[in-house]
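Asks: Sharing a structure below in structure tokens format, with a few things to ask.
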Amino acid sequence: MNGPNSEKSIRIDNLGIGYQSASGGKPFIRKGIFFSGCRGEMIALIGLNGIGKSTLLRTIAGLQKRLSGGLFFGEKPAEQFSHLETARLISEN
């Protein structure tokens, strides 16, 4: 994709997401997630129940800590943005 919208708005590089269940059972962990998207693109997130779609979205939104890897908005790491800035970036793109 070329043109004014070809700049990557979000980039996920070898992301690891997950959590430990409240009951202390086996932890849910997904590793090796890669993708990028440009401003104005529509991205569909599909998969089986329990595979981590909501966990990924919570991690991108900053509501849940990532376990490993990189999450970037533009060229800046996500941790350089406040929660308000992250919300604005997600809603505008």
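Asks: Would you say residue 58 is part of a loop (DSSP other than H, G, I, E, B) and within 10 Å of the chain's Cα centre (by Cα)?
Replies: So residue 58 does not fit the description; no.
Asks: If a residue has to be in contact with a Gly (Cβ under 6 Å, 6 or more places away or on another chain) and either open to solvent by 60 Å² or more (accessible area, probe 1.4 Å) or farther than 21 Å from residue 70 by Cα (or both) to count, how many in the stretch 28-52 make the cut?
Replies: 4
Asks: OK, next. Can you tell me which residues in the stretch 76-89 are modelled with pLDDT under 90 and surrounded by fewer than 16 Cβ atoms within 10 Å (Cβ to Cβ)?
Replies: 83, 87, 88
Asks: Looking at the stretch 69-89 only, could you name the residues that are touching a residue at least 40 places away in the same chain (Cβ under 8 Å) and closer than 22 Å to residue 18 by Cα?
Replies: 69, 70, 71, 72, 73
Asks: Give the residues of the stretch 17-47 that are in contact with a helix residue (DSSP H, G or I) (Cβ under 9 Å, 6 or more places away or on another chain) and either assigned to a loop (DSSP other than H, G, I, E, B) or not basic (Lys, Arg) (or both), sorted by residue number.
Replies: Scanning the stretch 17-47 gives 17, 18, 19, 28, 33, 39, 45, 46, 47.
Asks: Find all pairs meeting these conditions: Cβ atoms under 8 angstrom apart; at least six residues apart or on different chains; first residue within the stretch 20-36 and under 30 Å from residue 8 (Cβ atoms); second residue outside any strand (DSSP E or B) and of a type in the set (Gly, Ala, Ser).
Replies: 28/21; 28/52; 30/52
Asks: Pick from the stretch 1-24 the residues that are open to solvent by less than 40 Å² (accessible area, probe 1.4 Å) and modelled with pLDDT of 75 or more: which of them is nearest to residue 50 (Cα to Cα)?
Replies: Here the residue is 18.
Asks: Next up: Among (1) open to solvent by 90 Å² or more (accessible area, probe 1.4 Å); (2) of a type outside the set (Asp, Glu); (3) more than 20 Å from residue 88 (Cβ to Cβ), there is one condition residue 70 misses while meeting the rest; what is its number?
Replies: (1) is the only condition that residue 70 fails.
The values are calculated or read from the model by the stated rules, or taken from the named source; none is laboratory data. Everything quoted here is computed from the prediction, not taken from an experiment. Neighbour counts are summed over all protein chains in view; Cβ atoms, including those assigned to glycine, are modelled from backbone coordinates with ideal geometry. The accessibility values were calculated without ligands, DNA or RNA, using every heavy atom of the protein model including side chains. Shrake-Rupley method; radii C 1.70, N 1.55, O 1.52, S 1.80 Å.
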